[in-house]
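To start, the structure itself, in structure tokens.
Here, each number is a calculation from the coordinates, and none is a lab measurement. Just so it is clear, the structure is predicted and the values come from calculations on it, not from any experiment. When we count neighbours, we look across all protein chains shown, and the Cβ atoms used for this are built from the backbone with ideal geometry, even at glycine.
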Amino acid sequence: MGEGLACFPNSRRVICFVGIDGSGKTTQAMKTLSYMRNRKNKCSYVWFGEPYLFSYPFMVACRILGFTRSIILQNGSDFIEHQYYRNKVIAFLWPWVQLIDLIILVNLRVVLPVSFGFTVVCDRFVHDALVGVMADTKDGNLPKRLVGRLILRIVPRGSAVFLLDTDVRVAYRRRLDVPNLAYLIVRRKYYRFIAECSGVSLIDVNGPFFGSLKQGIDLRPTNLVFL
């Protein structure tokens, strides 16, 4: 595992793990972070959750207008489903609002630390946000539209992006905070489409978990995707 990480060029300052819930993003990110810190590298961990700045008042307005639905999950918690696809104006505006938030957050949480010499390990990233927007608007072709292409261009040049691909049934067993299996099936399809459009390589994590961890870490720089 260490041997593979040692092959990262020093100029590669952003390492991102993306994929459906339950694919192992946090495990991969924390193992990578631990290894790099043990080697005395300046690095920081970023959990890149939902980009809610300008998006927050937009979502509040949509909830008041009735374009969200609350679902009780198997663990008893609430899951909020955005049904923005029901209104053409909202479905058009939502990706642009998210684009603005992503530009701000990526610069503050990723680009700024990199400018101070840190290597940033991201648990979730721009690709995850794009999948969320695709699901909210039911627009499977969003990565090919102007706003989708602009969202993907936010990824800092030279970033190493790992798309962790797993069987949705395995992921569903790991997570109690997703509404149903169909939720993961749709999002996995969207992730794979984004990978196809942007050239991001997939890492199969269906095998033994530690084995898949080594598979991801041991990729040589020539096999990484630098956007």
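Averaged over all directions, how much area does the convex hull of the C-alpha atoms of the chain cover when projected, in nm²? Intermediate results must be reported in sequence, preceding the final value.
Numbers: hull surface 48.1 nm².
Approximately 12.0 nm², given one-decimal rounding.
For the chain, with a Gaussian network of springs between Cα atoms less than 10 Å apart, report the residue from V106, V205, V170 with the top mean-square fluctuation.
Top of the fluctuation ranking is V170.
With a 10 Å Cβ neighbour count serving as the proxy for reagent exposure, in which order, fewest first, do M36, M134 appear?
The most exposed by this proxy come first: M36, M134.
Under a crude label model (7 Å from the Cα following the beta-carbon direction), how far is Y56 from R153 in nanometres?
The modelled label-to-label distance comes out at 2.9 nm.
Taking the dipole about the Cα centre of the chain, with the C-beta of Lys and Arg at +1 and of Asp and Glu at -1, give me whichever of S23, Q74, A182 is farthest to the positive side.
S23
How long is the gain from I71 to S34 if the chain were fully straight, where each residue apart is worth 0.36 nm and the alpha carbon distance is subtracted?
Values: separation 37, 0.36 × 37 = 13.32 nm, distance 3.64 nm.
Computed gain between I71 and S34 is 9.7 nm.
Nearest 10 degrees is fine. How inclined is helix 126-137 to the longest principal axis of the chain, computing both from alpha carbons?
So the helix axis and the longest Cα principal axis differ by about 20 degrees.
Taking R0 as 25 Å, what FRET efficiency do you get between V89 and A182 from their Cβ-Cβ distance, rounded to the nearest 0.05?
Step by step, r from the Cβ atoms, then E = 0.40.
Give the aspartates and glutamates reachable from K88 as a straight Cα distance under 17 Å; neighbours fewer than 8 places away on the same chain don't count.
Counting by Cα, and skipping residues close in sequence, K88 has these aspartates and glutamates nearby: D136, D139.
Could you tell me the calculated FRET efficiency between F118 and S201, based on Cβ-Cβ distance and R0 = 22 angstrom, to the nearest 0.05? Spell out each step's value before the answer.
Details: r = 25 Å, r/R0 = 1.12.
Working from the Cβ atoms, E equals 0.35.
Through the Karplus equation 6.51 cos²θ - 1.76 cosθ + 1.60, θ set to phi - 60°, convert the phi angles of segment 177-192 into ³J(HN,Hα) values in whole Hz; use x for Gly and Pro.
9, 10, x, 6, 5, 4, 4, 6, 4, 4, 5, 4, 4, 5, 4, 5
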